[in-house]
Amino acid sequence: MSGVISTTDVCRYFGDDEETMVKAVDRVSIEIERGEFTAIVGPSGSGKTTLLHLLGGLDNPTSGAVELSDTNIAAMSGAVLSDFRRDHIGFIFQSYNLIPVFSAEENIEYIMLLQGVEASERKRRVTDMLKQVGLEGLGNRRPNKLSGGQQQRVAVARAMVSHPEIILADEPTANLDSKTGIALLDLMKELNENHNMTFVFSTHDEKIMSRAGRLIHLHDGEVELDETK
Amino acid sequence: MLLLKLAFRNIFRQRRRSLLTALSLTGGYILCVFSFSLSEGSYSNAISFFILDHTGHIQIHLDDYLLRPKIHKTIDDPQGLSELLDANEEIESHTLRVFAPAISYYEKDNSPAQVIGVALDRERSTSTLAAKISAGEYIDNALDAEGYYSAMIGAGIANSLNIGLGDELILISQGADGSIANDIFIVKAIVGNRASPDRTTVFLPLIAAQEFLSMYGSVHEVSILLKDDGEARVQAAALQDQLPELTVDPWQTVESTFYQSMQADKQGNNFFMGFIVFIVFVGVLNTVLMSVLERTREFGVLKAIGSRPLKIALMITLETGLLATLSLVVGILLSLPLIAWFTFTGIELAEPMDVGGILMSHLTGELSLFVFGMPLLFIVVFALFISIPAGMRAARISPTEAMRSN
Ligand SMILES: Nc1ncnc2c1ncn2[C@@H]1O[C@H](COP(=O)(O)OP(=O)(O)OP(=O)(O)O)[C@@H](O)[C@H]1O
Ligand SMILES: [Mg+2]
């Protein structure tokens, strides 16, 4: 196994003056291996979202480095960073993941369009992904005609379809009832196992945590505990 | 294709707002087209009026005859010039003229007159002189039994001298050689009415006028009608190169007072339209910015998954452009019949309107590519322009902040 993504003393502070400054992420050094199924856990405000955004190159660290495939994301910006995210990182957000005016299929297809994947190949991969996330026959539906769980499955499919190195998911199940949430997580786990796809997700939910192979506990922006099962 | 779909569907997302925006775009466009059509139409009517009445598209004189007419400023080889002009493919026809002020007499009355000698056959195909005759007939070069030439006189002279067809008109003027010119002409036609611009003109056969003014074989003016209306400046410049010793002017110079007032009027018109377009676009800008703000999260996601900032900005431009295009298509479809009617039928005016010094009793428009194309270009360019700030705003949305703004 080799490291997909790693951080070295990465910090993200909000605010300028000493007294009111929030250390959302403080001196975090972690390494995620290929094929890991890792959960970032911790109380509200502990820095989970901030850390995931740093890992995904959505946010720039105050100091420290974030390396993905031996590239320091922290040093990139603009179109280069956009392209890097497009090709190397998949994202699943808590909600409002999908473009409402696109059908499920089109939502999945869009990212491949950005990548310049050929039309026939796009079509083939969309069909394949819909099958893998259990949404066969629902490809033509717009997000508002899909349940919350189904929408998140489309988001998973969209994240997978571009063949990223890692998929980052910020509380993907937070808006789902627990049964649907667990089903979504099982789907992610299955994709993790079948495709050796690396997942890092954050959660509050004990049942969800229990399915992770590794738990990184955050507290006030610092890693409190890092346990691999 | 998918991007176009996205733009299209986003437009139909807020149906009512898009419809209102589209309506203002369509309305603004139709207003602009109508206003353009009106101004182009009335001016091109005025232009064709005086071009055909006497000015022609191009005039040739000696030196500054146009500005300071003097009887001795003559074109001395009109025959050679005529041959040259007749051979020119761009020229429809041309005519030769001489001018002199004179006093006209009949019995005990007298009246000032402007004598114009015209090459009769050429004049017929170059100006509307023949059509302006209200009584009698277009004259010819022939001398009558007593050796007098014929004349066509303005209705004003006919009235003040109380002279009629067949009567003998006496003209007194000064010849080119300084001699006193006087002769008798037989009135064969009355031109126009008492309000016509040429109410005090006496038209003579060219040869008669030349003899009368002792300026054998030379003329003061050549007026040219082109085959193509729009070519006056270009052809004038080309002729000037061929005729370095003469002065060649397009109608824009000959009728410079009219031309300048027309340009000024058109500028005012453009300003007015700029104002309309501005108002329309404040509305469009508002719509576009609002739709960007509403979709902050969406743009955040699009950026997070790897859309380049420029692509996001282009999406906004595409949306705005598409909305503008749809509105303009509707605008063209609606204004086409309107302008066609306006051009071919027009509006009858209760009071004649002054168009750059020419009275028009009928308002008609113009149906041309310019009339439709110019506002179109204007609106498209403005729409794209307006999408820039909105696009920049969307492109700058930070995914982290978009994700946090629940
Ligand atoms: N843009 C910001 N400006 C100021 N403070 C911020 C900003 N973003 C996050 N923070 C602060 O950083 C800390 C970490 O926030 P973060 O959202 O990462 O926590 P979290 O673990 O994801 O919380 P939750 O479980 O509620 O989602 C919080 O104290 C938060 O208020
Ligand atoms: Mg969070």
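Once you sort the root eigenvalues of the Cα gyration tensor of segment A:14-114 as a ≥ b ≥ c, which label holds: rounded (a/c under 1.5), prolate (a/b larger than b/c) or oblate (the other case)?
Numbers: a/c = 1.75, a/b = 1.55, b/c = 1.13.
In terms of gyration-tensor shape, prolate.
Considering only protein heavy atoms and a probe of 1.4 Å, how much of the accessible area of the protein assembly as shown is carbon and sulfur, as a whole percent? If you can, show how the numbers build up before the last one.
Working: 16230 of 29390 Å².
Within the protein assembly as shown, the accessible surface is 55 percent carbon and sulfur.
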With the crude spin-label approximation of a point 7 Å out along Cα→Cβ, what separation in nm comes out for residue B:12 versus residue B:140? 7.5 nm
Heavy-atom accessible area of residue B:377, protein chains in place, probe 1.4 angstrom, given in Å² to nearest 10, is 110 Å²
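Based on the alpha-carbon set only, what is the convex hull volume of segment B:134-216 divided per residue, in Å³? Let's see the in-between values first.
Numbers: hull volume 7.6 nm³, N = 83.
In segment B:134-216, the Cα convex hull volume per residue is 91 Å³.
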Given R₀ = 25 Å, what would the calculated FRET efficiency be for residue B:267 paired with residue B:363, taking r from the Cβ atoms and rounding to 0.05? 0.75
Quickly work out the residue B:398-to-residue B:275 label distance, labels modelled 7 Å from Cα along the C-beta direction, and quote it in nm with one decimal. 4.4 nm
If you rank B:311, B:108, B:266, A:123 by how much accessible surface each has, with a 1.4 Å probe, what is the order from largest down? B:108, A:123, B:311, B:266
Under the rule of -39500 (n - 2.57) per DSSP H run of 4 or more residues, summed and divided by the residues of chain A, what mean residue ellipticity at 222 nm is obtained, to the nearest 500 deg cm²/dmol? -11000 deg cm²/dmol
Relative contact order computed over chain B (Cα-Cα under 8 Å; 6+ residues apart), in percent: 24 percent
At 1.4 Å probe size, what's the solvent-accessible area of residue A:195? Round to the nearest 10 Å². 90 Å²
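Once you keep just the Cα pairs under 8 angstrom separated by 6 or more residues, what percentage relative contact order results for chain A?
Values: 447 pairs, mean separation 66.4, N = 229.
Result for chain A is 29 percent.
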In nm, to one decimal, how far is the modelled label at residue B:381 from the one at residue B:52, with both set 7 Å along Cα→Cβ? 3.4 nm
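So what is the orientation-averaged projected area of the protein assembly as shown, using the convex hull of its C-alpha atoms, in nm²? Display every interim value, and only then the final one.
Values: hull surface 167.1 nm².
About 41.8 nm², averaged over all directions.
Counting only protein heavy atoms and rolling a 1.4 Å probe, how much accessible area do A and B lose on contact, total for both sides, in Å² to 100?
On the way: alone 11000 and 20840 Å², together 29390 Å².
Buried area (both sides, nearest 100 Å²): 2500 Å².
In units of 2.2 N^0.38 Å, what is the alpha-carbon radius of gyration of chain B? All intermediate terms of the calculation are to be shown ahead of the outcome.
On the way: Rg = 31.2 Å, N = 406, 2.2 N^0.38 = 21.6 Å.
Rg over 2.2 N^0.38 Å, computed on Cα atoms: 1.45.
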Excluding residues fewer than 8 places away in the same chain, name every one of the lysines whose C-alpha is closer than 18 Å to that of residue B:132. B:188
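Between residue B:344 and residue B:237, what FRET efficiency follows from the Cβ-Cβ distance if R0 is 25 Å, with the result rounded to 0.05?
Numbers: r = 34 Å, r/R0 = 1.37.
According to the calculation, E is roughly 0.15.
Suppose every K and R has +1 on its Cβ and every D and E has -1 on its Cβ; what is the size of the dipole of the protein assembly as shown about the Cα centre, in Debye to the nearest 20? Please list the in-between numbers first.
Numbers: 51 positive and 77 negative charges, 726 e Å.
That gives the protein assembly as shown a dipole magnitude of about 3480 debye.
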For segment A:78-174, just say rounded, prolate or oblate: build the C-alpha gyration tensor, square-root its eigenvalues into a ≥ b ≥ c, call rounded for a/c under 1.5, and beyond that prolate if a/b exceeds b/c, oblate if not. oblate
Where Rh denotes the Kirkwood radius from the mean inverse Cα pair distance, what is Rg over Rh for segment B:233-291? 1.41
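Do any GluC sites (Glu not before Pro) in segment B:40-89 lie in a loop, going by DSSP, with at most 10 other beta-carbon atoms within 10 Å of their beta carbon, and if so which? Mind showing how you got there, number by number?
Details: sites: B:40, B:83, B:89; in loops: B:89.
Loop-located and lightly packed - B:89.
Between residue B:63 and residue B:333, what length comes free when the chain is fully extended (0.36 nm per residue of separation minus the Cα-Cα distance, one decimal in nm)?
On the way: separation 270, 0.36 × 270 = 97.20 nm, distance 5.15 nm.
Taking 0.36 nm per residue and subtracting the Cα distance, the gain is 92.1 nm.
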If you plug each phi of segment A:7-17 into the Karplus form 6.51 cos²θ - 1.76 cosθ + 1.60 with θ = phi - 60°, what whole-Hz ³J(HN,Hα) values come out, in order, with x for Gly and Pro? 10, 10, 6, 7, 10, 9, 10, 10, x, 9, 8
With equal scatterers on the alpha carbons only and no solvent term, can you work out the Debye log10 of I(q)/I(0) for segment B:287-339 at 0.18, 0.21, 0.27, 0.29 1/Å? -0.66, -0.78, -1.03, -1.09
Cα convex hull of segment B:70-219: how many Å³ per residue? 111 Å³
Dividing the Cα convex hull volume of chain A by residue count, how many Å³ per residue is that? 128 Å³
Over 28 Å between Cα atoms, which of A:48/A:229; A:48/B:303; A:48/A:123; B:73/B:108; A:48/A:145; A:207/B:303 qualify? A:48/A:123; B:73/B:108; A:48/A:145; A:207/B:303
Given a Förster radius of 60 Å and the C-beta distance between residue B:196 and residue B:1 as r, what FRET efficiency does 1/(1 + (r/R0)^6) yield to the nearest 0.05? 0.40
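The values are calculated or read from the model by the stated rules, or taken from the named source; none is laboratory data. Keep in mind that what you see is a predicted model, and the values were worked out from it rather than measured. Here the Cβ is made from the backbone with ideal geometry for all residues, glycine too, and neighbour counts use every protein chain on show. Please note that ligands, DNA and RNA were not included when accessible areas were found on the heavy atoms of the full protein model with its side chains. Shrake-Rupley method; radii C 1.70, N 1.55, O 1.52, S 1.80 Å.
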